[in-house]
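The values are calculated or read from the model by the stated rules, or taken from the named source; none is laboratory data. Quick caveat: nothing in here was measured; it's all calculated off a predicted structure. Neighbour counts run over all protein chains shown; Cβ positions are idealised from the backbone, glycine included. Remember, those area values only see protein heavy atoms, side chains included, never the ligands or the DNA or RNA. Shrake-Rupley method; radii C 1.70, N 1.55, O 1.52, S 1.80 Å.
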Amino acid sequence: MPAVVYASSIAVFGDPLPAMVDDASPLSPKLIYGGHKAMMEDAVALNSNRGLIHGVTLRLPGILARPKGPSGMKSAFMSNLFHALKAGDPFTCPVSAHGTTWAESVSRCADNFLLDLAIDSALLPPTRAVTLPAQLITMGDLAAEVARQCGVDPALATYRPDAELEAAFAAQPPVLTLAAEHAGFAHDGNLATLVAKAFATLDEG
């Protein structure tokens with residue numbers, strides 16, 4: 001039976017998010033992107049229940065950091081922060097310093113996908129979908145840690161919030177991922193490790 005690992009997104013929860021997101025939070029996407037992800041989650045569960053595939057869906061948080069260059073994605077500013085401060089350049093963040101987001105490094109995400117390929121179905125919920133563990137971080141804390149690891153002044157990062165981006169990417173509440181953790185998935189552990197892993201991935205690229 002073929003194993004299928006589907007990369008979904010926290011966008012399936014829609015907005016505004018509840019005070020806390022957990023395994024019982026309903027899917028209520030508003031964007032077409034989130035709607036497509038939710039539809040595919042149903043398809044993975046359906047075909048797994050029919051015995052056609054061994055399918056698992058992982059809902060990804062923000063993944064750091066992307067290679068330098070235009071991506072067309074509104075969340076790209078989180079990766080651009082890394083590139084700017086590494087070069088010692090000033091960076092204007094389009095969300096506030098106290099804005100909160102869920103994050104995980106590229107390498108940690110890859111490890112979670114590798115685990116997914118051999119996971120025991122008994123560890124999965126009936127939906128066969130789990131929200132990956134992620135750290136809840138503020139943009140100010142992220143910028144400060146990136147600056148520290150780059151050896152630059154954290155004042156290089158300034159903030160000019162855009163209301164739309166703030167609502168979409170920097171207003172995320174605490175998240176409980178008990179089903180994913182029970183199945184063996186994990187986040188990076190702490191912010192310093194997440195940032196170091198993000199830089200390691202960029203250096204490899």
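Here Ala196 clears all of (1) open to solvent by 30 Å² or more (accessible area, probe 1.4 Å); (2) in contact (Cβ under 8 Å) with a residue 60 or more places away in the chain; (3) under 19 Å from Ala103 (Cα atoms) except the condition numbered (2).
In the range 17-28, the condition of being touching a Ser or Thr at 6+ places or on another chain (Cβ under 6 Å), open to solvent by less than 30 Å² (accessible area, probe 1.4 Å) and not in a helix (DSSP H, G or I) is met by no residue. What about Ala170, is it more than 20 Å from Ala65 (Cβ to Cβ) and within 18 Å of the chain's Cα centre (by Cα)? Spelling it out, it is not the case that Ala170 is more than 20 Å from Ala65 (Cβ to Cβ) and within 18 Å of the chain's Cα centre (by Cα). Scanning the range 111-170 for residues that are within 20 Å of Ala183 (Cα to Cα), part of a helix (DSSP H, G or I) and of a type in the set (A, V, I, L, M) yields a total of 5. Across the range 148-169, the qualifying residues are those that are in contact with a helix residue (DSSP H, G or I) (Cβ under 9 Å, 6 or more places away or on another chain) and at pLDDT below 95, and the one among them that is most open to solvent (accessible area, probe 1.4 Å) is Glu164. Taking residues in the range 1-30 that are within 23 Å of Ala43 (Cβ to Cβ) and among the hydrophobic types (A, V, I, L, M, F, W, C), and partners anywhere that are open to solvent by less than 40 Å² (accessible area, probe 1.4 Å) and assigned to a loop (DSSP other than H, G, I, E, B), the pairs with Cβ atoms closer than 7 Å and at least 6 places apart or on different chains are Met1/Ile53; Val4/Ile53; Ile10/Pro61; Phe13/Ser25; Val21/Pro173. Restricting the range 2-16 to residues that are under 22 Å from Asp120 (Cβ atoms) and in contact with a Ser or Thr (Cβ under 9 Å, 6 or more places away or on another chain), the residue that is surrounded by the most Cβ atoms within 10 Å (Cβ to Cβ) is Ser8.
Out of everything in the range 75-100 that is of a type in the set (S, T, N, Q) and part of a strand (DSSP E or B), what residue ends up being surrounded by the fewest Cβ atoms within 10 Å (Cβ to Cβ)? Don't jump to the end; show me each part of the working.
Initially, the range 75-100 is screened for residues of a type in the set (S, T, N, Q), giving 75, 79-80, 92, 96, 100.
Now narrow it down to the ones that are part of a strand (DSSP E or B): 92, 100.
Working: Thr92: 13, Thr100: 19.
The qualifying residue surrounded by the fewest Cβ atoms within 10 Å (Cβ to Cβ) is Thr92.
This table checks each residue for (1) modelled with pLDDT of 95 or more; (2) within 14 Å of the chain's Cα centre (by Cα).
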residue	(1), (2)
Gly72	no, no
Leu81	yes, no
Glu104	yes, yes
Ile119	no, no
Pro125	no, no
Leu136	yes, yes
Val175	yes, yes
Ala183	no, no
